[in-house]
Structure formats: C-alpha cells, structure tokens
Amino acid sequence: MKIDLTDTTSSKINKALVQGRRAIGTPAVGMVLTLVIVTDEENAYDALKAANEASREHPSRTLVVIKRVSRSPRDRAKARLDAEVRVGTAAGTGETVVLRLYGEVIDHAQSVVLPLLLPDAPVVVWWAANAPLDPANDPLGALAQRRVTDTYAAERPVEELTARAEAYTPGDTDLAWTRITPWRSMLAAALDQVECEVTSVEVEGEGYNPSVELLGMWLADRLGVPVKRSVSSGPGLTGVTMETNCGPITLGRSDGSLASLSIEGQPDRAVALKRRDTAELIAEELRRLDPDDTYASALKYGVDRLGEQSAKEPAADKSAAAPAKKTASGSAAKKAASK
C-alpha cells in the first residue's frame, strides 16, 4: 500500500502510517530499529532496494531523506516536504517513508526526521551518497547510535580514509570495511592452522579501492609487520600474501567469486569468497549496534604507513617478494587470528 502526501508535515506522515497499518490489518508495530537513508535521486532506488532486502532480517522503519536541488532562487526560498508512505508488501517487512525536501527545509532535515523515529528503538543513519566528513557532528548523524558511510563512493576514496580517522567517533563505520569481513575471517583461520611468525605482508587490489587499504591497515595493526600495498586490475581485492618463517600463506581471488588458499606444506584449497551486494553489507552492519573497536584501531593506523607500489608499475611477482627484516612475535599472529 502506498500513500502519497504533497506539501505535508511530519504529523500528517505519522497519521498516514497509522492509517496504512490499519488498512492492511497490522496495527501493531514490530520494527526493531529506525534506518535513515540519506541519498539523492540518482542513488535512491538502489539504496531503498538494498534496505528492503535487509529488512527481511531486520524489520525496521526506513526513512529515505532525499534533498532536492531547487533550480531558481524563488524555489530555494520556499520550504516544502513531499512524502510517500509505503506499508505492507511495498515496504518489505517493515515500513518505508520516502521524504523529498525542497528549499530551506533541506538545512533542517533532522526536524523532519525526529518526529518519525520509532520510540525506544535504536537509530542507524546510512549515507548512500555525499556522506559528511564528520558523520557524528552532522545533524542527522547526531540522532543515531550507528553511522554508516561508504568511502568507495567518495570522489577521493583513499584520501578520505584519513579524514575519517581524524573525525572518528564510536559508532562510525564504513561499508568499505564491511566488504573485507570474509577476507579477515579467512586470513585469521589460515593463521590458526600454522605455528609460524609472520614477517611481512603484501595486499593486492585495484587502485582507488579503500577496502584494500583497510585490509592492509588491519593486518599491519594486528600483526605489527610491514605491509605493502600493490595495484592490480581487480575486481576489488585480488590477493594477500603473508610471508612467514615457515613459507608463504597466499589467499588469491582473480574473478571476484572463487578464491584459492595456499599454505606451505598443505594442498591448495578453493574457497568461496564472492563480492557481496549492498543489501548483504547493510544487513551485516545492522546485526551489531555497538562501536566497532577493531575498525577504529585499523582506521587510525594510517594509510600513509602502508608501502605503496606505483600504479604504473606492474604487480610484483609474489614468489620473488623478499621478507622484511622486522618480524612479529607468535603472540601477535595469534592475536590477529583471534579477531
């Protein structure tokens, strides 16, 4: 069921939500959180589709905030709010309100959103496009316990990691970090299978992909060894090689779907490591609403501390990579494996 409201108010939107629930015969509210999506018209469809799929696991009230650009000074001086209320099958397993803000109300989006939040339920804000550099100090971000951005969508994704580290507040997270969860799990499991000291690491992936830098910073932070960042043709992350005193451990993925794990003295194994869509990433982030200390520690390690290979230089042959002189203790490797 869809209800369109033109030049409306938050009060009328709340009444429309109650009306819609009664019309479909479900007057009780069973949502577990409020998800606020801040986006533009270009990205609104994909963001809303991902949120609806994630709502199967996390029934929520989804508020989509779209800030419309007014073409004339006269239109920019006017304040108008249009809304589209969706309940039932049109809104997944929760409720959806699409808010289109015009004119001066664009600068006061929090005053529109605040009356629509579910009482006594956590709030998550996701910027699908044009995320602020300091999400916690954004008026909408101040309403949330969890703030989700995506540096991959930024104009300068790798450079923006530095700004994210400087402005980090507990509760901030990044979909570029969420994308490497399977990689971190696989690498930790590989270290659990050996009693070796890691001496150096090489992380390989396409250029301008912040997930590659984040994985490198996580490994450097947890293992305390030099990490080299190499450029490949992608897609996304393509490989990690950990040099140890027992031989190299390599996890490589060239097709974005199936990876190969190679450990010295053991047969090579094929492992599923597909690139996940946005709905899976958002669903993972909604599973935990507490601060991610591991992300904070990796982010603050610093991009500039990673050894970077020039984009013009071909990717180095991993078999010829010489281990760095600095070594890590066995306890550091076990610490990484436990994460």
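The values are calculated or read from the model by the stated rules, or taken from the named source; none is laboratory data. What you see is a predicted model, and the numbers here were worked out from it, not measured in a lab. FYI the Cβ positions are ideal-geometry reconstructions off the backbone, even for glycines, and counts take in every protein chain you see. Surface areas here come from the heavy atoms of the whole protein model, side chains and all, with no ligands, DNA or RNA. Shrake-Rupley method; radii C 1.70, N 1.55, O 1.52, S 1.80 Å.
Values for this structure:
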read-out	value
Equivalent ellipsoid dimensions for segment 127-262 as semi-axes, Å, which come from the Cα gyration tensor, largest first	30, 16, 13
Kyte-Doolittle mean at least -0.5 and Cα axial length at least 18 Å: DSSP H helices in the chain	210-223
Glu197 long-range amide H proximity, modeled H, under 5 Å	Asn245, Cys246
Cα-based reach from Lys67 at 17 Å (exclusive), listing aspartates and glutamates while leaving out same-chain residues under 8 positions away	Asp7, Asp40, Glu41, Glu42, Asp46, Asp75, Asp82, Glu84, Glu104, Asp107, Asp138
Peptides ranked, highest mean first, by Cβ atoms within 10 Å: ranges 268-277, 52-61	52-61, 268-277
Glu280, Glu213, reordered so the largest accessible area comes first (probe 1.4 Å)	Glu280, Glu213
Probe 1.4 Å, protein heavy atoms only - accessible area per residue of the chain in square angstrom	47 Å²
Isotropic mean projected area of the C-alpha convex hull, segment 141-186 (nm²)	3.8 nm²
DSSP bridge orientation in the chain - percent antiparallel, rounded to nearest 5	50 percent
Translational diffusion of the chain, µm² s⁻¹ [Kirkwood Rh, Cα pairs; Stokes-Einstein; 37 °C; 0.692 mPa s]	151 µm²/s
Radius 12 Å from Cβ of Thr244, net charge of other residues (Lys, Arg +1; Asp, Glu -1)	-4
